[in-house]
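Peer 1: One structure, pasted below without further comment.
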Amino acid sequence: MDDSDEYISDVEAIQVKRRSTRKSQVKSDLKGANGGYSWEDEYQRSWDIVKEDEAGSLAGIVSGLIESKKKRIIKNVTPFQRGIIRNLILVIDMSSSMLEKDLRPNRHALTITNVIQFITEFFDQNPISQLGIIVMRNGIAQLVSQVSGNPQDHIDALKSIKKLEPKGDPSLQNALEMSRGLLLHVASHCTREVLVVFGSLLTIDPGNIHKTVKSLVEEKVRVKIIGLSAQVSICKEICKKTNFNDESSYKVILNEHHFKDLLTEAVVPLPVNKINKSFTLVKMGFPSRVSQDTPSFCSCHSKLTYGGYVCPNCKSKVCSLPTICPCCNMMLILSTHLARSYHHLIPLKNFEEVPVADEYDSTQCFACQSEFPDFIANKTTSSRYRCVDCNQHFCIDCDVFIHEMMHNCPGCENI
Amino acid sequence: MDAIADKAFTTEKVSKSSSVESPSLLAVILDTNPVQWEQLGEKDALKRVLRSLLIAINSHLALNSANTVVVIASHTDGAKVIFPTTSDDEHHRQHQHQHQHHGQGQQQHSTEKEQSPDSVSRSATPASEARSSNGRSFIKSQMYRQFKLVDDTFIQNLDSLLSSIPSTKPPKNMLSSSLSLALSYINKVQQKDSLVKSRILIVNTSPDEHLKYIPIMNCIFAAQKMKIPINVCQLSSQATFLQQAADATNGVYLNIDNLDGLVQYFATAFFIDPSLRNIVIKPTTRDIDFRASCFQTGKVVDIGFVCSVCLCILSEIPKDEKCPACDSDFDHHVINKLRRKPAVLGNRKKKRKIDPAQQQQQQQQQRQGTTSATPTPAP
C-alpha cells in the first residue's frame with residue numbers, strides 16, 4: 001500500500017518538474033530550449049534524464065531530481081511600503097463559459113476550490129483586511145458575500161454557490177460598478193482592490209465600460225484580473241489603466257498549478273505606489289480577554305456569553321477579533337494580528353545555494369539536524385543553502401519552510 | 001453533476017481511522033539560562049525540574065513505541081539540540097571532554113564558582129562513568145532500554161553544555177531560536193511521515209525579551225498554521241509572549257510556583273492529546289493580557305495609534321507628524337481629526353441647562369444621598 005503511494009508521488013514529482021520547466025520556457029516568450037516554440041521541442045522523457053553514475057548507483061541522481069522538484073520561490077526581498085489594510089472585492093465569473101472542462105473537474109468547481117483556499121490564505125496573511133465576493137451570472141452582478149473580515153462567512157457563501165450552475169453571460173461593467181459602490185466608503189489609508197477571475201472571452205455590458213474604468217482610476221481602485229482561457233483586450237486595458245500603466249496585474253493561467261500560483265500572488269499586499277500615497281495613523285484598540293462566571297450579553301450578536309474581549313474605549317463586550325466595535329466604531333484588534341503582517345514589510349533574505357565543492361564545512365542542516373547527503377559522486381548540487389547573514393547551511397526542506405512558513409532564520413536568531 | 005465529478009477527482013487521502021494510535025513527537029524546549037534558574041531562589045531547582053521532565057519524557061515514550069522526543073536547550077549563547085545528537089556532535093563532545101580532563105585541575109574550580117551551584121552534577125564528567133553521582137542516580141542500568149538511551153544522552157549533553165565555559169558575550173534569551181529549531185525539526189519529521197502528531201513543551205524561567213517580539217510571533221504563526229500546540233510551563237513571573245503563544249496555538253499555559261508537584265502537571269495538564277483538546281477543559285489561564293507595547297516609549301497601551309504603512313504602534317501622536325519607524329509623512333487632516341478632543345462633554349452640559357427641572361431633581365437626589373442612574377448603553 002505504502003509502496004504504491006510512493007510510486008505515484010514520484011511520478012507526480014517528475015510531472016511537476018516537467019511542468020515547471022515548461023512554464024519557465026513559455027514565460028520567456030514561448031521559446032523552447034532550441035530557440036523554437038516549446039511545442040515544437042522534442043518530447044522530454046523523464047526516464048531519459050536518469051543515468052547511472054560511475055559507481056552504478058542511482059541514488060545521487062534520484063535525490064537530485066527530488067530536490068529540484070521542491071521549488072524554492074525566489075522572492076523579491078527589497079522592503080516596500082505596502083498597503084497592509086486592504087479592502088478587496090473578489091469577482092468570480094459564473095457565466096456558461098465556466099462549464100468548460102479544460103480545468104478538472106470543470107472551471108467553475110476548480111475556481112471555487114481555489115478561491116476558498118485563497119480566502120483562508122488571504123485572511124491568514126492580511127488579518128486586518130476586509131473582503132467581499134461578487135459573481136457575474138446571467139448578465140448581472142450578484143453580491144454573494146458582504147464586505148467583512150470574517151473568512152468563515154465567505155467560505156460558507158462560496159460553498160453554497162458551488163452547487164449553483166454557471167449560466168448566461170458575464171458583465172464586467174456591472175461587476176466593476178458594483179465593486180466600486182462597495183469600495184466607495186473605504187478610508188483613504190486602506191487599499192481598494194478588485195480581483196477578477198474571468199473565464200469568458202466576452203462581456204455583455206449595459207453601457208460604456210470605459211467610463212466605468214475612468215471612474216475606477218479616479219477612485220484609486222486597483223483591478224487585478226486572472227484569465228482562465230485567453231487574453232482579452234479589454235481586461236488588459238482595465239488592468240493597465242487602474243494600475244498606473246502596469247500591465248503585470250493581468251495574467252492568463254497556463255495550467256491548474258499556475259492558477260493556484262496566481263491566486264497566491266494576490267495574497268501578498270501590493271506595494272504602495274508613489275502616486276497613491278496617503279499615510280495616516282489609525283486609532284486602534286487592543287482589548288484584553290476576560291472570562292466571567294456569570295454570562296453577559298455581547299454587543300455583536302446580543303447573545304449571552306461567558307467571556308470575550310472588552311473594548312478599551314467603551315467597555316462593551318465583543319465575541320471575536322479583529323472587528324470594529326459596534327458601540328464606538330473603533331477598530332479592535334490583537335497586537336498579534338499586526339505582528340502577522342510584519343513579514344511582508346520586513347521580508348527574510350533569500351538563501352543562496354552553496355557552490356559545488358569537494359569538501360564542505362557542514363555535515364548537517366543547521367535547522368533540522370538531518371545530515372546532508374554525501375554527494376562526492378554527484379557534482380550537480382551541493383544540497384546546501386546558505387543564509388547570507390549568519391552563514392549557516394540549511395537543507396532544501398528547511399529553506400522552503402523557513403521562507404514560506406516561519407519567516408525568520410534560526411541561524412540569525414542564534415547569534 | 002458537479003458532485004459526481006468532484007468525487008471522482010478528489011485526490012485527498014482518506015484519513016486513517018482514529019482508532020489506530022498515530023505516533024507523536026514531543027519537542028521539549030528547556031531554558032538553561034543559569035542566572036534565571038538561580039533567581040528562582042529554590043535549591044536544586046533545575047535538578048528537581050529535570051527529574052520530573054525525564055519522567056514526563058519517559059512516559060511519553062512509553063505511550064507508543066513509535067513516539068519520539070527532541071530536546072532543545074535554550075542556552076545563553078544559542079539554542080542547541082541536545083537530543084537526538086548526530087555522530088558529528090558525539091565526536092565533538094568527546095573531544096571536548098578529553099580536553100576538559102587535561103585541564104580539570106585548574107579549570108573546574110573556577111567554572112564551578114562562576115556558575116549557579118544548582119545546575120546538574122557538574123563534577124561528574126560523563127567520561128568518568130560516575131553513575132552514582134546525584135544527578136544521574138535515577139538512571140539505572142536495568143532500565144527500559146529506550147528510556148535509558150534517551151535519558152543518558154539528554155543528561156550527558158546537558159551536563160557538557162552547562163559545564164562549558166560561558167562565553168564572554170552578555171547572556172541572551174534564545175527562545176526565538178529554540179522555537180525556530182523545534183519547528184524546523186518538526187517540519188522535517190512531518191514531511192517524512194505526515195501522520196506524526198507533534199507538540200511543543202516549553203519549560204521557561206526567563207522573562208520576556210521585547211527585542212525578539214517579531215521572531216517569536218513569526219514562530220507562533222508557523223506553529224498555528226501547522227496545528228502544533230505550544231504548551232508552556234512557566235516557572236518564574238508571567239511571560240506575556242508565551243501566554244499568547246499558548247492561546248494562539250490552542251496549548252496550555254501554566255504558571256507554576258511550587259516545583260514539588262511538577263511531575264503531576266507534566267503528566268496531566270501538558271499531556272492532553274491534541275485530539276482530546278476540544279473535549280477536555282484545559283487548565284489554562286483564561287484572562288490574557290493582549291495589550292500592545294508602544295514602539296517608541298515602550299508603554300503598554302490599550303488604545304494606540306497604528307501607522308498604516310509599517311504598522312508600528314504608538315501611544316501618542318508624534319509631534320512632527322512623521323512615523324518614527326518608517327519616516328512616512330502622515331496626512332495632516334487625519335491627524336488633526338485624531339487630535340480633536342471629543343465634543344461629547346460640552347453637549348451634555350448644554351442639554352442639562354436647557355432642562356432646569358431635571359437638574360433640580362438631580363440635585364435633590366444628590367442631596368438625599370442617592371446617586372442618579374445616568375442612562376448608559378448597556379454592553
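The values are calculated or read from the model by the stated rules, or taken from the named source; none is laboratory data. What you see is a predicted model; the values in this text were computed from it and never measured. Don't worry about glycine lacking a Cβ; one is built from the backbone with ideal geometry, like all the others, and counts go over all protein chains shown. Side chains included, ligands, DNA and RNA excluded: accessible areas come from the protein's heavy atoms. Shrake-Rupley method; radii C 1.70, N 1.55, O 1.52, S 1.80 Å.
Peer 1: Restricting attention to region A:364-383, does a residue exist that is in a loop (DSSP other than H, G, I, E, B), surrounded by 14 or more Cβ atoms within 10 Å (Cβ to Cβ) and touching a Leu at 6+ places or on another chain (Cβ under 7 Å)?
Peer 2: yes
Peer 1: A further question on this structure: Please find, within region B:322-336, the residue that is surrounded by the fewest Cβ atoms within 10 Å (Cβ to Cβ) out of those that are part of a loop (DSSP other than H, G, I, E, B) and within 9 Å of chain A (Cβ to nearest Cβ).
Peer 2: Step by step, filter region B:322-336, then rank; the result is B:Cys326.
Peer 1: Here is a follow-up. Within region A:324-336, track down each residue that is at pLDDT 80 or above and on the phi < 0 side of the Ramachandran plot.
Peer 2: Answer for region A:324-336, where residues must be at pLDDT 80 or above and on the phi < 0 side of the Ramachandran plot: A:Ile324, A:Cys325, A:Pro326, A:Cys327, A:Cys328, A:Met330, A:Met331, A:Leu332, A:Ile333, A:Leu334.
Peer 1: Need the failing condition index for A:Thr280 against (1) more than 19 Å from A:Ile85 (Cα to Cα); (2) among the hydroxyl-bearing types (Ser, Thr, Tyr); (3) at pLDDT below 80, just the number.
Peer 2: The one condition A:Thr280 does not meet is (1).
Peer 1: Being in a helix (DSSP H, G or I), of a type in the set (S, T, N, Q) and in contact with a helix residue (DSSP H, G or I) (Cβ under 8 Å, 6 or more places away or on another chain) is the filter here; which residues of region A:87-112 pass it?
Peer 2: A:Ser97, A:Thr111
Peer 1: Does A:Ile128 meet the test of being assigned to a helix (DSSP H, G or I) and of a type in the set (Val, Ile, Thr)?
Peer 2: no
Peer 1: Which of the residues belonging to region A:310-358 are of a type in the set (D, E, K, R) and more than 8 Å from chain B (Cβ to nearest Cβ)?
Peer 2: Scanning region A:310-358 gives A:Lys349, A:Glu352, A:Glu353, A:Asp358.
Peer 1: Filter region A:309-333 down to residues that are under 30 Å from A:Pro271 (Cα atoms) and open to solvent by 20 Å² or more (accessible area, probe 1.4 Å), then give me how many there are.
Peer 2: 7
Peer 1: Got at least one residue in region B:299-317 being more than 10 Å from chain A (Cβ to nearest Cβ) and at pLDDT below 80?
Peer 2: Looking through region B:299-317, at least one residue is more than 10 Å from chain A (Cβ to nearest Cβ) and at pLDDT below 80.
Peer 1: What's the number of the condition B:Arg291 fails, among (1) more than 9 Å from chain A (Cβ to nearest Cβ); (2) basic (Lys, Arg); (3) in contact with an Asp or Glu (Cβ under 9 Å, 6 or more places away or on another chain)?
Peer 2: (1)
Peer 1: Only residues in region A:161-178 that are within 11 Å of chain B (Cβ to nearest Cβ) count as the first member; pair them with residues that are of a type in the set (Gly, Ala, Ser) and open to solvent by 20 Å² or more (accessible area, probe 1.4 Å), Cβ under 7 angstrom, at least 6 apart or cross-chain, and list the lot.
Peer 2: Qualifying pairs under 7 Å: A:Pro166/A:Ser96.
Peer 1: Hey, does region A:158-173 have a residue that's open to solvent by 40 Å² or more (accessible area, probe 1.4 Å) and within 25 Å of B:Met217 (Cα to Cα)?
Peer 2: No; the residues of region A:158-173 include none that is open to solvent by 40 Å² or more (accessible area, probe 1.4 Å) and within 25 Å of B:Met217 (Cα to Cα).
Peer 1: Among the residues that make up region B:217-224, is at least one of them among the β-branched types (Val, Ile, Thr) and either open to solvent by 10 Å² or more (accessible area, probe 1.4 Å) or in contact with a Ser or Thr (Cβ under 6 Å, 6 or more places away or on another chain) (or both)?
Peer 2: no
Peer 1: Just need a number here: residues in region A:126-161 that are at pLDDT below 90 and among the basic types (Lys, Arg).
Peer 2: Qualifying residue count for the region: 0.
Peer 1: Same structure again: Taking the criterion of being over 13 Å from the mean Cα position of the chain (by Cα), open to solvent by 10 Å² or more (accessible area, probe 1.4 Å) and more than 14 Å from every other protein chain (Cβ to nearest Cβ), would at least one residue in region B:197-211 satisfy it?
Peer 2: Checked against the condition, which is being over 13 Å from the mean Cα position of the chain (by Cα), open to solvent by 10 Å² or more (accessible area, probe 1.4 Å) and more than 14 Å from every other protein chain (Cβ to nearest Cβ), region B:197-211 yields at least one hit.
Peer 1: Could you go through region A:200-207 and let me know if any residue there is of a type in the set (D, E, K, R), over 25 Å from A:Gln146 (Cβ atoms) and either assigned to a loop (DSSP other than H, G, I, E, B) or open to solvent by 70 Å² or more (accessible area, probe 1.4 Å) (or both).
Peer 2: Checking region A:200-207: not a single residue is of a type in the set (D, E, K, R), over 25 Å from A:Gln146 (Cβ atoms) and either assigned to a loop (DSSP other than H, G, I, E, B) or open to solvent by 70 Å² or more (accessible area, probe 1.4 Å) (or both).
Peer 1: Of the residues A:Val196, A:Val268, which is assigned to a loop (DSSP other than H, G, I, E, B) and either within 19 Å of the chain's Cα centre (by Cα) or of a type in the set (Gly, Ala, Ser) (or both)?
Peer 2: Checking each option against the conditions leaves just A:Val268.
Peer 1: Right, another one. Mind listing just one residue for me: the one in region B:66-84 that is at pLDDT 85 or above and in a loop (DSSP other than H, G, I, E, B) and, of those, most open to solvent (accessible area, probe 1.4 Å)?
Peer 2: So the residue we want is B:Ala66.
Peer 1: Also: Suppose the filter is surrounded by fewer than 15 Cβ atoms within 10 Å (Cβ to Cβ) and more than 29 Å from B:Asn218 (Cα to Cα); does A:Tyr306 pass it?
Peer 2: Yes; evaluated as a whole, the condition is true for this residue.
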